[in-house]
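What follows draws every value from the coordinates through simple rules; no lab data is involved. Please read all numbers here as calculations on a predicted model, not as lab measurements. Don't worry about glycine lacking a Cβ; one is built from the backbone with ideal geometry, like all the others, and counts go over all protein chains shown.
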Amino acid sequence: MTPENREETPLLLRPGGSAPRGRRVFLAAFAAALGPLSFGFALGYSSPAIPSLQRSAPPAPRLDDSAASWFGAVVTLSAAAGGVLGGWLVDHAGRKLTLLLCTAPFVAGFALITAAQDVWMLLGGRLLTGLACGVASLVAPVYISEIAYPAVRGLLGSCVQLMVVIGILLAYLAGWVLEWRWLAVLGCGPPTLMLLLMCCMPETPRFLLTQHKHQEARATVRFLWGSDEGWEEPPVRDEHQGFQLALLRHPGIYKPFVIGVSLMAFQQLSGVNAIMFYAETIFEEAKFKDSSLASVIMGTIQVLFTGIAALIMDRVGRRPLLALSGVVMVFSTSAFGTYFKLTQSGSSNSSHVDLLTPISMEPQDASLGLAWLAVGSMCLFIAGFALGWGPIPWLLMSEIFPLHIKGVATGVCVLTNWLMAFLVTKEFTSLMMTQIWPFPATSWPTGRSWSRCASLFRIPSHQGCWHAACPGQQ
């Protein structure tokens, strides 16, 4: 931060002698959090939809392995673009209008999926929902942090991630009983409700002050808090300068940038979105008989522990929860890797391909125990992630940046987050294929040879195979 800006107040709303008691701030936060609920539903949608689309019969569109990979990953790629767009909109159009605008691609994307007649329409719908995800993931934390008074800022900020995981769980539960078209129809509900509620909510005081609307800003505080007692108007004289690369020389600018970008990168490199996108596929490959039930259990645990994190975050602190979360995630992923190692070595010593042996050919007790090891380790991973690395990066993103660079800085953080999410989710399928087919790429079967091997991956094809390395020839 430049020397002349050192006295700039980092917090918009500061309590005086008594904490505000207004309840409308919770309603406004709920309305904004319907955006994260919508993008949580969009993230979770692919988990039940992909198996359904892979089993669908003509004339309905059908996904092969490559298309399924893009169906899961393309939403993160367009969300990265949405993060850049949201960073511009949040400073120029305002927080409220940006939330209202992001409802359009949400509804349009799910409507396009509902009406899809081919794979390209499916991918187009995912592109639109991904664009909305990127915008909502940026503006919702900013809006909530700027309307909340300090006593509840941590609680309400954590509710952003809580609504994301509720959206994911909703997609899992609905996918249990609905096929992919009706599931997309359901996805239009949360953004529509957000559009209706946000029309009745005010703009944030922070943005109003940057527009030199001081009386409206004070009226907004009275509306949300119940009174403006204890509110102190921060200086905004440097807001018009915006972001300049020269500012990165100052520790007050580049340190928050490094922290914010690093948190977002490490959050996605943990692999959480690959697990959320392909939960049912993972459990099917882990030979768990009811993969849909396992996904619902995992989503329920995520909601529970995210709620716990929201309640204890202001008392425990951000850094201890991040450390605890990281330790739990390391332990759980190690356990899940151990599961695959045990499955591999337990089948036979001939090759990795014995992982594909049907569960009915294995000893019942051993296979059941190993299946629960897979589910248990993934549930432990989700619990650890929900305690720290899930909600805290999004909360800190809205807290650590100086006010005059918040739009650009949060845009860069969201761009980093979704680009990393794209890399993880897109490469996940390739990594899984390498795990279950350990031979070099040049020896992979093709044509009719692949069709027999594909049947072992639960792809409905039963033609003959003459490939020397095919498990069917062993």
Quiz prompt | Segment Ala104-His214, length gained on full extension (0.36 nm per residue, minus Cα span) | solution = 36.5 nm
Quiz item: How far, in nm, would the chain grow between Thr338 and Thr192 when pulled straight, counting 0.36 nm per residue and subtracting the alpha carbon separation?
Solution: 48.1 nm
Self-check item: Charge context of Met194, other residues only, Cβ under 15 angstrom, K/R +1, D/E -1
Solution: +2
Self-check item: Label point 7 Å beyond Cα of Arg222 along Cβ direction - residues of segment 114-147 with amide nitrogen under 19 Å
Solution: 147
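Treating only the Cβ of Lys, Arg, Asp and Glu as charged (+1, +1, -1, -1), what charge dipole size does segment 75-227 show about its Cα centre? Round to the nearest 20 debye. Can you show the working numbers first?
Numbers: 9 positive and 6 negative charges, 78 e Å.
Computed charge dipole of segment 75-227: roughly 380 debye.
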Quiz item: So, in nm, how far is label Glu179 from label Ala151 when the simple model puts each one 7 Å beyond its Cα toward the Cβ?
Solution: 5.3
Self-check item: Rounded FRET efficiency, nearest 0.05, which uses the C-beta distance separating Trp88 from Leu311 and R0 of 35 Å
Solution: 0.50
